[in-house]
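The values are calculated or read from the model by the stated rules, or taken from the named source; none is laboratory data. It should be emphasised that the depicted structure is a prediction, and the values quoted were computed from it without experimental measurement. Cβ sites come from the backbone with ideal geometry, for glycine too, and all protein chains shown count toward neighbours. In case anyone asks, the SASA skips ligands and DNA or RNA and just uses the protein heavy atoms, side chains included. Shrake-Rupley method; radii C 1.70, N 1.55, O 1.52, S 1.80 Å.
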Amino acid sequence: MTLLHHFLVFFFLFSNSLLSSDSAHHLTSNYYDKSCPRFEQIIQDTTTNKQIYSPTTAAATLRLFFHDCLIQGCDASILISSTPFSKSEREADINLSLPGDAFDLVVRAKTALELSCPGTVSCSDILALATRNLVTMMGGPYYNVLLGRHDGLVSKASHVGNNLPKAAMSVSKLIRLFSAVGFNTQEMVALTGAHTIGFSHCKEFSSDIYHYSKSVQSDPSINPRLASGLRNACSNYTKNPTLSVFNDIMSPNKFDNMYYKNLPRGLGILKSDRALVSDPRTRPFVLLYAKNEKIFFEAFRKAMEKLSVYGVKNGRRGEIRRRCDAFNS
């Protein structure tokens, strides 16, 4: 490799990091104060009404936000529908189970905002603020959401690959996945606490509770009573693939630290959750957050503020979509 080639590679990487950093610096807390004064009120009204009507909206929206931000940044690329010529992120296998309530929430908010201040508010800002509002509605920590994101111009299913956490993913793979987007192990464990209001489809953990091996029916790391209950709850999952259970069986409708308290007792639903309490790299954080909810909330707040500005787009690198499910033509 020539000296010039080395320089060009360095310049490319350095320029990209500057672009990402500069984009985040353009965000402000009062971005829409003049251009769309009712922005925050409209988001608040929409999220409140949707959550009351459909109580799983908070968990669904939080998951949608994660799946958006971890692939190319928080740019609403997850919202784009596929066309005959291009398969979008939304159509990647892991995203097919994303609940419709979250998509519907964003559409409702965007519709109201287009009536109030046309062509002003990005879909990515809607998703970011709606997620924060719903977390706090469920009893979780308030965290700051900076505004001014533009919506991404690319959405490809092929970009998703193995870049999202999966139900049976090892701790080593989880650590590498989050490290690749700038998060350390403690931040990863804190963000996983989102499962305190989440739910999982039975098919994601069926191999852990049915015919686990020739000698045992379920994974020994699962509490036997929980495994029995899951087998009953999921008995019809092959005929009804939408069957799901809460990740936190003790307080599923409250954002708290019960998720972490469950793990040492074998009450984690997913293999990747249970692995966190058995791996020496993550176990100390699980036990810390289980013991002290205040420390968990502070760690989650900081991690969400960091995640919400990851890979944001500005200027020509993005646009303000007229519709959240399609690029502007």
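Give the stretch 173-200 a look and list any residue that's of a type in the set (Ser, Thr, Tyr), assigned to a helix (DSSP H, G or I) and in contact (Cβ under 8 Å) with a residue 40 or more places away in the chain, or say none. Those that are of a type in the set (Ser, Thr, Tyr), assigned to a helix (DSSP H, G or I) and in contact (Cβ under 8 Å) with a residue 40 or more places away in the chain: THR185, THR192, THR196.
Looking at the stretch 98-122, which of its residues are outside any helix (DSSP H, G or I) and open to solvent by 30 Å² or more (accessible area, probe 1.4 Å)?
Residues of the stretch 98-122 outside any helix (DSSP H, G or I): 98-99, 117-122.
Once the filter is applied, which keeps residues that are outside any helix (DSSP H, G or I) and open to solvent by 30 Å² or more (accessible area, probe 1.4 Å), the stretch 98-122 yields PRO118, GLY119, THR120.
Of the conditions (1) within 25 Å of the chain's Cα centre (by Cα); (2) modelled with pLDDT under 95; (3) farther than 24 Å from ASN184 by Cβ, LYS214 fails just one. Which one is it? All conditions pass for LYS214, except number (1).
Got at least one residue in the stretch 141-157 being at pLDDT 95 or above, part of a helix (DSSP H, G or I) and farther than 18 Å from PHE39 by Cα? Break it down stepwise before answering.
Quick first cut of the stretch 141-157, residues at pLDDT 95 or above only: 141-157.
If we keep only those that are part of a helix (DSSP H, G or I) as well, we get 157.
With farther than 18 Å from PHE39 by Cα added as a condition, the list becomes 157.
Yes, the stretch 141-157 contains at least one residue that is at pLDDT 95 or above, part of a helix (DSSP H, G or I) and farther than 18 Å from PHE39 by Cα.
Restricted to the stretch 222-329, the set of helices (runs of 4 or more DSSP H) holding at least 3 residues that are under 30 Å from VAL154 (Cα atoms) comprises 293-307. Checking the stretch 7-26 against the condition returns no match, with no residue being surrounded by 13 or more Cβ atoms within 10 Å (Cβ to Cβ), modelled with pLDDT of 95 or more, assigned to a loop (DSSP other than H, G, I, E, B) and of a type outside the set (A, V, I, L, M).
Here is a yes/no grid of residues against (1) within 30 Å of SER77 (Cβ to Cβ); (2) free of Cβ contacts under 8 Å to residues at least 24 places away in the same chain; (3) among the charged types (D, E, K, R):
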| position | (1), (2), (3) |
| --- | --- |
| ASN223 | no, no, no |
| ASN236 | no, yes, no |
| VAL245 | yes, no, no |
| PHE296 | yes, no, no |
| ARG316 | yes, yes, yes |
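So is THR131 part of a helix (DSSP H, G or I) and either small (Gly, Ala, Ser) or open to solvent by 10 Å² or more (accessible area, probe 1.4 Å) (or both) or not? Spelling it out, it is not the case that THR131 is part of a helix (DSSP H, G or I) and either small (Gly, Ala, Ser) or open to solvent by 10 Å² or more (accessible area, probe 1.4 Å) (or both). Checking PHE65, PHE39 one by one, the residue that is surrounded by 22 or more Cβ atoms within 10 Å (Cβ to Cβ), of a type outside the set (Gly, Ala, Ser), over 21 Å from the mean Cα position of the chain (by Cα) and closer than 20 Å to VAL309 by Cα is PHE39 and no other. The set of residues from the stretch 68-89 being buried (at least 24 other Cβ atoms within 10 Å of the Cβ), of a type in the set (D, E, K, R) and in a loop (DSSP other than H, G, I, E, B) comprises just one member, ASP75. Filtered by the rule that a residue be within 15 Å of SER200 (Cβ to Cβ) and touching an Asp or Glu at 6+ places or on another chain (Cβ under 6 Å), the stretch 245-270 gives a lone residue, TYR259.
Going residue by residue through the stretch 303-311, is there one that turns out to be hydrophobic (A, V, I, L, M, F, W, C) and open to solvent by 60 Å² or more (accessible area, probe 1.4 Å)? So far as the stretch 303-311 goes, no, none of its residues is hydrophobic (A, V, I, L, M, F, W, C) and open to solvent by 60 Å² or more (accessible area, probe 1.4 Å). Among residues of the stretch 85-99 that are closer than 22 Å to CYS202 by Cβ, those with a Cβ under 8 angstrom from a residue that is open to solvent by less than 40 Å² (accessible area, probe 1.4 Å) and acidic (Asp, Glu), sequence gap 6+ or separate chain, pair up as ASN95/GLU89.
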